[in-house]
Amino acid sequence: MNRKRFKYSFILIFLFTVVLVFIDTILTEEASEKYPFIWSLSLIPIILISNMYPKWKVIIGSGVFYSFLKYTTEFGQKINPDNNEINALILGSLINWSIILTIGYFINKSYKLLLKVEELTITDSLTGIYNRRYLELFMEKSIPIYKKMNGSLVFMMLDIDHFKKVNDNYGHQGGDEALRHTSGIIGNNLRNSDVFVRFGGEEFAVILPNTDVTEGLIIAERIREAVEKSEFFYKNERIHFTISVGVSFFNGDTAEEFIKKSDNALYKAKENGRNQIAIIS
């Protein structure tokens, strides 16, 4: 939870609570009877908070808080309320809770839909890993931080060698299966902190945070070797393929420069015969 948002949310709840209690306190008994649902104003901060934090525990918690405040304030002012006053409070609470739960349902549903849409915009539908859009967002946020901290960062571009032959011989469905197979092997040889994306076509990209040259090359070689030794079958036929890897190391570059260095390293690996690793520092 963002600290700034939490602070503003707390201030909002506090101020509105003070205003609400003040209004209820200064109302005369006659006015209170005339406006029995004054506490319905508590729906305003509940809706605002629910929009900021669309989770059921927040929505329910906000409702419980204001219900508790409502009954504490009301019964604190009237030690022996009559049945009509109690019935009015209960009826008001039922109405408020009906509104809270209804609004909470739609807010929660809309939030889940929004998360799904956001996930689709940064996820490759074929392999299930992140896509180039996510890479751009990650680089946009991370590069300035690593430049400021002078941190170590490794960027790898990986490309399936002679992938066109796989498509030509086995069709696009066979090519799709080969991409899923390769992405699975690469992902299994990465750490939880690493960022793995499908860059486009048969190209993948991997970002290794807080990784030095030696460790980066070890990971790159481990992936290359794992793909080479893997067994991929399509329609009962074993298809053997390899990958080329271009590796670059962060040296205060911009995001575009960093990607370009890895792309040049990948081109170098392919020029040198494929199924190998090339480095540009």
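The values are calculated or read from the model by the stated rules, or taken from the named source; none is laboratory data. Fair warning: this is a prediction, and the values are worked out from it, not measured in the lab. Because the Cβ atoms are built from the backbone with ideal geometry, glycine has one as well, and the counts that use them run over all protein chains shown.
So that you can scan it fast, the table gives a plain yes or no per residue for (1) small (Gly, Ala, Ser); (2) under 17 Å from Lys261 (Cβ atoms); (3) not in a strand (DSSP E or B):
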{"position": "Lys148", "(1), (2), (3)": "no, no, yes"}
{"position": "Met157", "(1), (2), (3)": "no, yes, no"}
{"position": "Gly175", "(1), (2), (3)": "yes, no, yes"}
{"position": "Ile186", "(1), (2), (3)": "no, no, yes"}
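Here Ser98, Ser125 are screened, and the one residue that is modelled with pLDDT of 85 or more, exposed (fewer than 11 other Cβ atoms within 10 Å of the Cβ) and under 25 Å from Phe241 (Cα atoms) is Ser125.
Of the numbered criteria (1) over 30 Å from Asp253 (Cβ atoms); (2) modelled with pLDDT of 80 or more, the one Asn150 fails is (1). Leu126 meets the conditions (1) assigned to a helix (DSSP H, G or I); (2) farther than 28 Å from Glu271 by Cα in every case but one. The failed one is (1). Against the test of being in contact with a helix residue (DSSP H, G or I) (Cβ under 9 Å, 6 or more places away or on another chain) and part of a strand (DSSP E or B), the options Val247, Val227 yield a single qualifying residue, Val247. As a summary of the residue check, Tyr146 satisfies the conditions (1) surrounded by fewer than 12 Cβ atoms within 10 Å (Cβ to Cβ); (2) farther than 23 Å from Ser244 by Cα; (3) touching a residue at least 60 places away in the same chain (Cβ under 8 Å) except for the one numbered (1).
So which residues in the range 190-224 are surrounded by fewer than 17 Cβ atoms within 10 Å (Cβ to Cβ), not hydrophobic (A, V, I, L, M, F, W, C) and not in a strand (DSSP E or B), if there are any at all? Correct list: Arg191, Asn192, Ser193, Gly201, Asn210, Asp212, Thr214, Glu215, Glu221, Arg222.
Quick check on the range 262-274. Is at least one of its residues closer than 20 Å to Asn167 by Cβ, in a helix (DSSP H, G or I), of a type outside the set (Gly, Ala, Ser) and out of contact with any Leu (no Cβ under 8 Å at 6 or more places or on another chain)? Checked against the condition, which is being closer than 20 Å to Asn167 by Cβ, in a helix (DSSP H, G or I), of a type outside the set (Gly, Ala, Ser) and out of contact with any Leu (no Cβ under 8 Å at 6 or more places or on another chain), the range 262-274 yields at least one hit.
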